[in-house]
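*Asks:* Just dropping this structure here.
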Amino acid sequence: MVTVEFLGPIQKATLSLDAASLHDVAEALKEDNEMAQWLDNCAVAVNDMLVSTLDTPLKDGDKVSLLPPVCGG
Amino acid sequence: MVTVEFLGPIQKATLSLDAASLHDVAEALKEDNEMAQWLDNCAVAVNDMLVSTLDTPLKDGDKVSLLPPVCGG
Amino acid sequence: MLELYEGALNVPEIITRWYAEEAEYNYGAYIPFIGTVREEDGIEGLSFDVYEPILNGWFETWQAKAESLGAKLKMAHSRGDVLVHESSYIAAVFSPKRRVALETIEKFVEDFKASAPIWKYDLRHGERLYARDRSTAISGAGILGAKR
Amino acid sequence: MLELYEGALNVPEIITRWYAEEAEYNYGAYIPFIGTVREEDGIEGLSFDVYEPILNGWFETWQAKAESLGAKLKMAHSRGDVLVHESSYIAAVFSPKRRVALETIEKFVEDFKASAPIWKYDLRHGERLYARDRSTAISGAGILGAKR
């Protein structure tokens, strides 16, 4: 099981799901209509490191974070 | 008569001389060996406005200032 | 050094303390950038969410870059609500030389705006509204939405 | 506003007073640049001569340029002696927007170094030695030395 957390303005509770890579996370989130507005503009971190490909493997206990568009300052 | 003042590191007292333009000031200063190291690198102001040509006319009471290389900050 | 505060920053305290902290380290240039909430479009203020683990990593990467130039960075940011004319952000560079200081503060502040995991909300009639139109997708965003 | 002081600048007083002075004017960005005397080559400090009439004119020209961008400039500089690790120079910009602030402080500080009528001396064993090798001829200098 991995956990998927949604940062900042995404109003969604943390999920737990079975996933061997980020492809599996992407498939699960595409089923969720609420997420449609976010998938194209979120960055993704695994265990707090940003990643650039869905091929990123996942293992039990990993934390996946979705980071929507930012505006600090 | 115009006055010629020497700013910053130029160790020279203010001069008074007859001059119809900055050409006359340049000629007078070229006679002065102490000034040889300064004439090529000084900017010139007339009545506290920087000028860019020796053709600048001068009238009685004008103040000419020589500004050697600067380093503020 | 990265400092996070609840609510508005105490700008005089922070910028003078940072100056004092580095006074003996022989830096020739100190440039703090201070960001203040502007009164516009009738907002009462802004509010911020900060995701600290990734912000720390981003800041440490920048600190290493600054150190390689002989410089040092400091930053302070607010969480939660900051009212108009209060300040929410200070970024600062110390450097032996002015050119490095000027170039580093500019690049640091611009990358901060583009990359730091901080989310901004307008405060309007007591509501907290995501400032989506002023927000920037982080470089590399969108992989989850890509077609297989 | 241009402020000249005998000896070292009181940096905390100046940068916090400037912040307070502009607090209600809805500027989004404040960037002070603080220049501090570095300990190098065994100097005890630096010393400065300032020619105020031309400095004022130079500063007013810059202030008008800043105003045309909606920004405001402030500057403080020392006359006379400033010891190592003391500060002699502060330039600051206030602007509604960050890009204008970052670009203006850089251009202002660089033009200051090239153009402001201020002369620097090293203090060494109590002597005041013109820092000729670090000084820059003002743009257009040299007309008096030209051959007729």
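Rule-based calculations on the coordinates, nothing more; no lab input. Source: prediction; values computed, not measured. Cβ coordinates were reconstructed from backbone atoms using ideal geometry, including for glycine residues, and neighbour counts include every protein chain displayed.
*Asks:* Put a point 7 Å out from Cα along the line to Cβ at B:Ser52; what are the distances to that point in the other copies, in nm, shortest first?
*Replies:* 4.8
*Asks:* Listed highest first by mean packing, meaning other Cβ atoms within 10 Å per residue, what order do B:3-16, B:56-69 come in?
*Replies:* Most protected by this proxy first, the peptides run B:56-69, B:3-16.
*Asks:* Something else about it: Along the charge dipole of region D:1-68, pointing to its positive end and built from +1/-1 on Cβ of Lys, Arg, Asp and Glu, which listed residue (D:Phe33, D:Leu55, D:Leu4) has its Cα farthest out?
*Replies:* So the residue furthest toward the plus end is D:Phe33.
*Asks:* Based on other C-beta atoms within 10 Å, arrange D:Ile90, C:Ile15 from fewest to most.
*Replies:* Fewest-to-most Cβ neighbours within 10 Å comes out as D:Ile90, C:Ile15.
*Asks:* Rounded, prolate or oblate: pick one for chain C, where a ≥ b ≥ c are the square roots of the eigenvalues of its C-alpha gyration tensor, a/c under 1.5 means rounded, and failing that, prolate if a/b is larger than b/c, else oblate.
*Replies:* Details: a/c = 2.35, a/b = 1.32, b/c = 1.78.
Cα axes put chain C in the oblate bin.
*Asks:* Defining a contact as two alpha carbons under 8 Å apart and six or more residues distant in sequence, what relative contact order in percent does chain A show?
*Replies:* So the answer I get is 43 percent.
*Asks:* Quick one: which of D:43-54, A:23-34, C:123-134 comes out on top by average Cβ neighbours within 10 Å, and what's the full order, highest first? Mind dumping the intermediate values first?
*Replies:* Numbers: D:43-54: 18.9, A:23-34: 15.0, C:123-134: 12.8.
Going by the mean number of other Cβ atoms within 10 Å, highest first, we get D:43-54, A:23-34, C:123-134.
*Asks:* In percent, how large is the relative contact order of chain C, given Cα pairs closer than 8 Å and 6 or more residues apart?
*Replies:* 33
*Asks:* State, to one decimal in nm and shortest first, how far the label point of C:Glu40 sits from each corresponding label point in the other identical copies (label point: 7 angstrom along Cα-to-Cβ).
*Replies:* The answer, with the shortest distance listed first, is 3.9 nm.
*Asks:* Which residue is it, in chain A, whose C-beta lies closest to the A-to-B rotation axis, and what is that distance in whole Å?
*Replies:* A:Gly73, 14
*Asks:* Any of B:Lys63/D:Lys113; C:Lys65/C:Lys97; D:Lys113/D:Lys147 with alpha carbons more than 19 Å apart? Name them for me. Please report the intermediate quantities before stating the final value.
*Replies:* On the way: B:Lys63/D:Lys113 25 Å; C:Lys65/C:Lys97 15 Å; D:Lys113/D:Lys147 29 Å.
Pairs exceeding 19 Å: B:Lys63/D:Lys113; D:Lys113/D:Lys147.
*Asks:* Simple spin-label model, 7 Å along Cα-to-Cβ: C:Leu2 to C:Glu103 in nm?
*Replies:* With each label point 7 Å from Cα toward Cβ, the separation is 2.5 nm.
*Asks:* If you don't mind, another one. Between C:Thr61 and D:His125, how high is the FRET efficiency from 1/(1 + (r/R0)^6) when r is the Cβ-Cβ distance and R₀ = 56 Å? Nearest 0.05.
*Replies:* Working: r = 45 Å, r/R0 = 0.81.
Using R0 = 56 Å, I get an efficiency of 0.80.
*Asks:* If we hang a label 7 Å off Cα along the beta carbon direction at B:Thr14, how far is it from the matching labels on the other copies, in nm, shortest first?
*Replies:* Taking the point 7 Å beyond Cα along Cα→Cβ, the inter-copy spacings are 7.7 nm.
*Asks:* Averaging over all projection directions, find the projected area of the Cα convex hull of region C:38-116 and quote it in nm² with one decimal place.
*Replies:* 5.7
*Asks:* Right, something else. Roughly how far apart, in whole Å, are the Cα centres of region B:20-73 and region D:38-77?
*Replies:* One Cα centre to the other: 23 Å.
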